[in-house]
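Written below as C-alpha cells is the structure these notes are about.
The values are calculated or read from the model by the stated rules, or taken from the named source; none is laboratory data. Quick caveat, the model's predicted, so the values are computed rather than measured. Cβ sites come from the backbone with ideal geometry, for glycine too, and all protein chains shown count toward neighbours. Side chains included, ligands, DNA and RNA excluded: accessible areas come from the protein's heavy atoms. Shrake-Rupley method; radii C 1.70, N 1.55, O 1.52, S 1.80 Å.
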Amino acid sequence: MLPVAAAKKQPKCFGRTATKVGTRKAELLVGTAKADVIVGRGGADQIDGRGGNDLICGSGGGDIVFGSTGDDVIDGGRGDDTLFGMEDDDRIKMGGGFFNGAVGGPGNDRLTGGNGFDLIAYVDAPGSVNADLAAGTATGEGTDTLADIDGVVGSGSNDTLRGTSGTNILLGGGGDDAIFTGGNTGDLSTPATAALDVVSGDGDPQAPPGNDTLSGGAGMNVLDYSFSEAAVQVDLTLGTANGEGLDTVTGFNVVIGSEFDDTLTGNGEDNGFQPFLGNDSIDGSGGADTLILLSATEGATANLATGSSSGDGTDTFSSIENLWGSAGPDNLTGDMGQNAIYGLDGADRIGAGAGDDRLDGGDGIDALDGGDGNDSCTTGETVANCELAAAGTRRLLQTQSIANLRKRRAFKTTLIEEPAIAAAAIIGSSRPKAAAGIAIML
C-alpha cells in the first residue's frame with residue numbers, strides 16, 4: 001500500500017491559518033465580504049481584502065495591499081510595499097523593503113515602519129493634518145499612532161508637520177503649511193552625508209501652492225522646489241522663497257530648484273545648490289558652497305573658473321567653490337582656489353587649478369588632474385599632479401541609493417530620487433509632471 005502524501009501545510013498570518021494563499025508569482029488576490037486571512041507569498045502581488053476584519057501578509061515581493069472596509073491588520077513583508085488601510089481602524093506594518101509607503105485612510109490607525117525608509121500620506125484628508133513623527137502622533141484623518149516613520153505627505157489644507165532627529169522627508173501638499181525638521185547629523189563636506197532632511201511646502205503638483213513657513217535645523221536641510229509649476233526665487237540670506245507661493249524659510253543650507261529658470265542665492269554659511277532643469281542663476285554668497293549636478297542623468301559639464309555648467313539646462317553661477325557631479329560621464333573643472341570635486345558614477349574627467357584641491361572620481365573609469373598646489377586624488381584610474389595619496393573612499397551613499405531608487409513598480413513610483421511624485425508613490429498612480437530630482441541621497 002502506497003503511503004498517503006501529507007497535506008501541504010497552510011501558511012499563517014498573525015498567527016492565523018490562511019484562507020487564501022498566493023503563489024511565488026505576482027498575482028491578484030481578492031478577499032470576501034467576511035474576515036479573511038490572506039498570504040501573498042512571493043511576487044509583487046496586488047491584494048484586496050474587501051469587507052471584514054482581514055489579516056493580510058504580503059510576504060515577499062513589492063506588494064500593493066488594500067485593506068478596504070473593516071478593522072484590518074496588514075504586514076507588507078519583504079519588498080518595497082505600498083499599503084492602504086482604507087476605512088475603519090487599521091494596523092499597518094511596513095519596513096521589509098528599501099522604500100515603503102502607507103495610507104491609513106479614515107479611522108484611528110496604527111502605522112509602523114521598519115528598517116527601510118517608510119513614508120505615510122494624508123493626501124485625501126478632509127482638513128488640516130497635524131503630524132509629529134518624533135511624538136508618534138497624527139490627526140486630521142482620525143487619530144493615528146506612528147512608530148518608526150521617516151516621512152509624511154500632508155493634505156491640501158493648512159498642515160503642521162514635524163520631523164525627528166534623523167533623516168526625514170516632509171511634504172506639505174497644498175495650503176499654507178508649517179513644517180519643522182528635527183535636525184540631523186549630516187553635512188556638506190562630502191556627498192556621503194550621514195543624514196539629511198528634505199522639505200517642500202507644496203509636495204503635490206496638482207494642489208494649488210500655499211504660503212508656507214518652512215524651518216530647518218541642525219545638519220543638512222534641503223529645501224526642495226522641484227514640484228514648482230513656475231520659476232522660483234530663493235534667497236537664504238533674506239529667508240524668502242517666491243514663485244510657488246510666498247514662503248518664509250529658515251535653517252536650510254541646500255536648495256533644489258524647479259524645472260524653470262530659477263534664481264538661487266545663498267547666505268554666509270556653506271550651501272549646496274541643485275539647479276535641476278531650466279537655465280538658472282546661482283549666487284553662493286559667503287561660505288564654501290557646492291554646485292550639485294546629480295540630476296543630469298546624461299552627465300554634466302561645469303567650470304568653476306568660468307562660472308558655467310550644463311547638463312540639465314545651461315546655468316551660470318558665482319561664489320561656488322565645490323562640485324558634485326552626476327551618475328553619468330562628467331567634465332568638471334576647478335578654479336584657482338581650493339576646491340573639492342566629486343565625480344560620483346560615470347567615466348569622469350576632473351581637473352583642478354592652482355589651489356590645494358581634493359578630487360574624487362567615484363565609480364567609473366576616471367581621469368584626475370590636480371594641477372598646481374598640493375592636491376589629494378582618490379578613486380581615479382588615471383591620475384596626474386596629485387601630491388597626496390588619499391586612501392580609497394567608500395562607495396558614495398548617493399550612488400548606491402540612486403541605483404536602488406530607479407526601480408519603478410506598477411502603481412508606484414519611488415520617492416527620494418523624484419520627490420515631486422512622493423504623494424503619487426503611495427496613492428497608487430504615477431504623475432507625469434514629477435520633477436526628477438533630489439539627487440542628494442540617504
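Tabulated values for the structure
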{"read-out": "Single condition Gly166 does not satisfy, out of (1) in contact with a strand residue (DSSP E or B) (Cβ under 6 Å, 6 or more places away or on another chain); (2) modelled with pLDDT under 95", "value": "(1)"}
{"read-out": "Residue tally, condition at pLDDT 95 or above and open to solvent by 30 Å² or more (accessible area, probe 1.4 Å), over region 288-309", "value": "6"}
{"read-out": "The lone exception for Asp80 - which of (1) assigned to a strand (DSSP E or B); (2) touching a residue at least 40 places away in the same chain (Cβ under 8 Å) it fails", "value": "(1)"}
{"read-out": "Some residue of region 14-31 being within 21 Å of Pro106 (Cα to Cα) and in contact (Cβ under 8 Å) with a residue 12 or more places away in the chain", "value": "yes"}
{"read-out": "Candidate set from region 225-265 (those that are touching a residue at least 60 places away in the same chain (Cβ under 8 Å) and assigned to a strand (DSSP E or B)); member that is farthest from Phe180 (Cα to Cα)", "value": "Ile256"}
{"read-out": "Every residue from region 197-221 that is crowded, with 24+ Cβ neighbours inside 10 Å, in contact with a strand residue (DSSP E or B) (Cβ under 6 Å, 6 or more places away or on another chain) and closer than 19 Å to Leu236 by Cβ", "value": "Asp197, Val198, Val199, Ser200, Gly201, Asp212, Leu214, Asn221"}
{"read-out": "Some residue of region 102-121 being more than 17 Å from the chain's Cα centre (by Cα), open to solvent by less than 30 Å² (accessible area, probe 1.4 Å) and within 25 Å of Ala241 (Cβ to Cβ)", "value": "no"}
{"read-out": "Count of region 222-238 residues which are at pLDDT 95 or above and either of a type in the set (Phe, Trp, Tyr) or open to solvent by 10 Å² or more (accessible area, probe 1.4 Å) (or both)", "value": "6"}
{"read-out": "Among (1) part of a strand (DSSP E or B); (2) more than 25 Å from the chain's Cα centre (by Cα) - the single one Lys34 does not satisfy", "value": "(1)"}
{"read-out": "Hits in region 37-48 (condition: in contact (Cβ under 8 Å) with a residue 24 or more places away in the chain and assigned to a loop (DSSP other than H, G, I, E, B))", "value": "Gly40, Arg41, Ala44"}
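Residue-wise test of (1) under 22 Å from Asp224 (Cα atoms); (2) touching a residue at least 12 places away in the same chain (Cβ under 8 Å); (3) in contact with a Ser or Thr (Cβ under 8 Å, 6 or more places away or on another chain).
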| position | (1), (2), (3) |
| --- | --- |
| Gly114 | no, yes, no |
| Ser128 | yes, yes, yes |
| Ala135 | no, yes, no |
| Asp159 | yes, yes, yes |
| Ile169 | yes, yes, no |
| Gly172 | yes, yes, yes |
| Ile179 | yes, yes, yes |
